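Report on the structure given below.
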Amino acid sequence: MAAIYKRELKAFFFSVVGWLYIAVMIAVMGLYFFICNMLIGYPTISYMLQADVFLIVFTIPILTMRSLSEERKHKTDQLILTAPISVGKIVMGKYLAMVTLFAVPLVVFGITPLFLMRAGAFQIGMSYTSLLGFFLYGCLGLAIGLLVSSFTESVVVSAVLTLVVMFAGYVMSGISSLISASGTTSFADIAVKILNGFDMVSRFDILSSGYFDVEAIVYYLTFIAFVLFCTAQSIHKRRYAFAGRGIKIGAYSIFNILVGAALTILVNIGLSYIPEQYTSFDVTANKIFTVTEDTVQFVSNLSKDVTIYVLADENAKDGDLDRMLQQLKGYSGHIRVEYVSPIANPMFYYNYTDSRPSDNSLIVVGENDSAVLEYSELYILQMNYETYENEIVGIDAEGQLISAIMRVTSEDKPKFYSVLGHGELVFDDTFHDALNKENVAYEYLELYSVDEIPSDAAAVIFNAPVSDYSNDDVKKVLDYLDRGGNAFIIPTLTNESMDNFDKILGYYGVSVVDGLIVELDRSSYYQSPYYLFPYMEYMNLTENLYGGTVFAPASRGLIYDEDADDIRYVPFLMSSDESFSKTSNLDAEDYRKGAADIDGPFVIGMQAEKPAQDGEISQAVIVATEQMFTYEADSMVPGYNVKLFGNIVASLADRDISVTVPIKYYEIGNLVFRERTVRISFAVIFLMAVECLLAAIFVPLRRRNK
């Protein structure tokens, strides 16, 4: 085998084909690499490989067309057929030589992630899994081309037939989708399942989208082995025909091929019965396809049955959505997932909603309630102003689904009131969605319009008022707190006198330090000492935040009566010992400590509990920065500010666990390169392609002149 491998490899590198192939691959892949990674700054090479997958369809036939066809044409195959070497070794020698040539440009671009990692956060696992998928897809194509080449002595026929087979495998997923979308019969289902076995690209798409999928890898490996086995049987047939025993060996070869096909199918079908949590692993840097620990805890504790209907034919399902559903199903015996074909059951949705949901929408059904999750709302879209098309930038399926499960299994829905009328802020969509995910009713309340705060209020939110409350307003609030009401208080810096509002904080023995906190500990702020990464104490509000941090810009300090016997204080966010509160000259560029400034550390967020009337307990959560609960702040620490917000809401609603799952964004930030680096990278790629092209021209000429 080694001799055949060396002979075939030398033939590639001493001819035009080998060097020309490498030149074309490096040039085209390099172009997409330059655009996707160097100019746009995508933090993974998977986009580049996805754009280059069409190359395999058109280059594989060129690599494989001469492998056995030319041997037959020039009758040199008779030397191989009569040689004292097994057919398997002949096939493997030729095949491995082609794999080696195919791998050369992949090795070149396989080094690039090590370079790209230096330019920012990078999807290293996703990049190399995608590269593995690209390699395996190409290896399957090489095996197919080798098999086709064994059937004919015409190089042109071999190339055309290989191209037809590769193109069919390339478009098979689209054909399957068309059949599954239009067919409602069992014949259509069987046809789709058969055609999916010839879909060569979808497995690469899975591996390049952030999954290390064992099923996809086994599919490629088993089909490569089967196709190579068929090639060996084809050569066996010719060898024994050459020896005059063609009929008997022909029947034997067909039997072996049928057994090999059966084993290949059985292995792949058997693997599909293994739960996906054991065969599919999330390799994205931000674990976007893995359900959170909070979700695992929530669904594991479910005591009521929930059925999730997916309005789609199972053959046309959303792969990412299905994997998440299977994860949830695996963690709880109370969750059942069923696919309902909109074609076979067009009126199914009438039981739950009047308007028809789009395909792949979810209907979550509990014992007494149901919720419809529109498919388009499970993903986050953003306009790409270069193409003027909406692109999917994030997924919110887990958060919305867990919220819906809670909604259909809960008997109560706490009501939160947010006070307006004093210049208070309104939560943006990110945090408003978090309130909805916590399954709380949310209303605005103007204190002057009511005689008292409604008795159904689970909590009242005071979000950064900039003008003071009236005496009557404060009395209504204090009366509510005395009845055991809960409060979420977010004070802000203002030039107005806030004596009455301070009485609400004073109810819990809390006051706000003058000025804004300046953090001098370099590990505790971002860019500006006013932009804090506060220390977190381990407690119920922060236990699911460990491993990350929250972002608290423009924070103020809280002080409280440590000698109070009747109030329980639990600080959970604090500045460092090196911080101080700047009380004057609040210049964004001036961080010098003045004589009137106040030394830290300071409490930024705290929980307080105070006994109220009739044995009730009034609970307050106080966070001294309103900018913390904005999309801009949360995007600095993706999801952690929202998680803390959800924990606060759950605590005030008297729940043990928050079900707020933040939106998961696909990107982890674009890479940034200096202009000089971009130019050098382009020059290196260009020179490598040119050198390979020159080798394709001069190496054969040099051999011819010898």
Exercise for the section: Any chance you could count how many residues in the range 685-694 are open to solvent by 80 Å² or more (accessible area, probe 1.4 Å) and touching a helix residue (DSSP H, G or I) at 6+ places or on another chain (Cβ under 7 Å)? Expected result: 1
Practice task
Can you run down the residue pairs with Cβ atoms below 7 Å, 6 or more apart or on separate chains, where the first is in the range 518-542 and at pLDDT 90 or above and the partner is part of a strand (DSSP E or B) and open to solvent by 80 Å² or more (accessible area, probe 1.4 Å)?
Solution key: Phe533/Tyr526
Practice task
Would you mention how many residues in the range 474-507 are under 15 Å from Leu558 (Cα atoms) and under 45 Å from the mean Cα position of the chain (by Cα)?
Solution key: 10
Handout entry: Residue match in the range 471-487 (condition: buried (at least 18 other Cβ atoms within 10 Å of the Cβ), in contact (Cβ under 8 Å) with a residue 40 or more places away in the chain and among the aromatic types (Phe, Trp, Tyr))
Key = no
Practice task
Please tell me if Phe289 is among the aromatic types (Phe, Trp, Tyr) and surrounded by 12 or more Cβ atoms within 10 Å (Cβ to Cβ).
Solution key: yes
Exercise for the section: List every residue pair whose Cβ atoms sit under 6 Å apart, with the two residues 6 or more apart in sequence or on different chains, where the first one lies in the range 273-295 and is free of Cβ contacts under 8 Å to residues at least 40 places away in the same chain and the second, anywhere, is open to solvent by 40 Å² or more (accessible area, probe 1.4 Å) and of a type in the set (Phe, Trp, Tyr). Expected result: none
Practice task
Kindly indicate whether Ser332 is buried (at least 17 other Cβ atoms within 10 Å of the Cβ), touching a residue at least 24 places away in the same chain (Cβ under 8 Å), under 30 Å from Leu195 (Cβ atoms) and in contact with a helix residue (DSSP H, G or I) (Cβ under 8 Å, 6 or more places away or on another chain).
Solution key: no
Practice task
Within the range 197-214, work out how many residues are hydrophobic (A, V, I, L, M, F, W, C), touching a Phe, Trp or Tyr at 6+ places or on another chain (Cβ under 7 Å) and in a helix (DSSP H, G or I).
Solution key: 2
Problem - Test: residue in the range 548-555 that is at pLDDT below 90 and under 36 Å from the mean Cα position of the chain (by Cα) - result: yes
Handout entry: Per-region count, the range 335-368, residues part of a loop (DSSP other than H, G, I, E, B), open to solvent by less than 60 Å² (accessible area, probe 1.4 Å) and closer than 18 Å to Gln400 by Cα
Key = 6
Problem - Criterion violated by Phe14 - all others in (1) under 37 Å from the mean Cα position of the chain (by Cα); (2) farther than 30 Å from Tyr665 by Cα satisfied - result: (1)
Problem - Within the range 447-468, tally of residues that are over 46 Å from the mean Cα position of the chain (by Cα) and buried (at least 20 other Cβ atoms within 10 Å of the Cβ) - result: 0
Practice task
Assess whether Tyr352 counts as being in contact with a helix residue (DSSP H, G or I) (Cβ under 9 Å, 6 or more places away or on another chain), among the aromatic types (Phe, Trp, Tyr) and closer than 20 Å to Ser410 by Cα.
Solution key: no
Handout entry: Residue ranges of helices (runs of 4 or more DSSP H) in the range 89-185 with at least 3 members at pLDDT below 85
Key = 155-182
Fill in the blank from the handout: How many residues of the range 543-595 are charged (D, E, K, R), in contact (Cβ under 8 Å) with a residue 12 or more places away in the chain and more than 30 Å from Val649 (Cβ to Cβ)? The answer is 4
Completion exercise
Restricting the range 389-421 to residues that are in a strand (DSSP E or B) and of a type in the set (D, E, K, R), the one most open to solvent (accessible area, probe 1.4 Å) turns out to be Glu389
Exercise for the section: Might you let me know whether the range 315-324 holds any residue that is open to solvent by 60 Å² or more (accessible area, probe 1.4 Å) and either in a helix (DSSP H, G or I) or among the polar types (S, T, N, Q) (or both)? Expected result: no
Exercise for the section: Scan the range 193-204 and give yes if some residue there is at pLDDT 90 or above, touching a Leu at 6+ places or on another chain (Cβ under 7 Å) and open to solvent by less than 20 Å² (accessible area, probe 1.4 Å), otherwise no. Expected result: no
Completion exercise
Residue count, the range 510-527, condition part of a helix (DSSP H, G or I) and either in contact with a strand residue (DSSP E or B) (Cβ under 6 Å, 6 or more places away or on another chain) or within 17 Å of Ile648 (Cα to Cα) (or both), comes to 0
Practice task
Please work out if Ile697 is surrounded by fewer than 19 Cβ atoms within 10 Å (Cβ to Cβ), of a type outside the set (S, T, N, Q) and under 24 Å from Ala397 (Cβ atoms).
Solution key: no
Exercise for the section: Could you tell me whether any residue of the range 653-663 is loosely packed, with under 14 Cβ neighbours inside 10 Å and either not β-branched (Val, Ile, Thr) or not in a strand (DSSP E or B) (or both)? Expected result: yes
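The values are calculated or read from the model by the stated rules, or taken from the named source; none is laboratory data. Predicted model only: the values in this text are computed from it and were never measured. In this analysis, Cβ positions are derived from the backbone assuming ideal geometry, glycine residues included, and neighbour counts consider all displayed protein chains. Just so you know, the surface numbers come from the protein's heavy atoms only, side chains and all, with ligands and any DNA or RNA stripped out. Shrake-Rupley method; radii C 1.70, N 1.55, O 1.52, S 1.80 Å.
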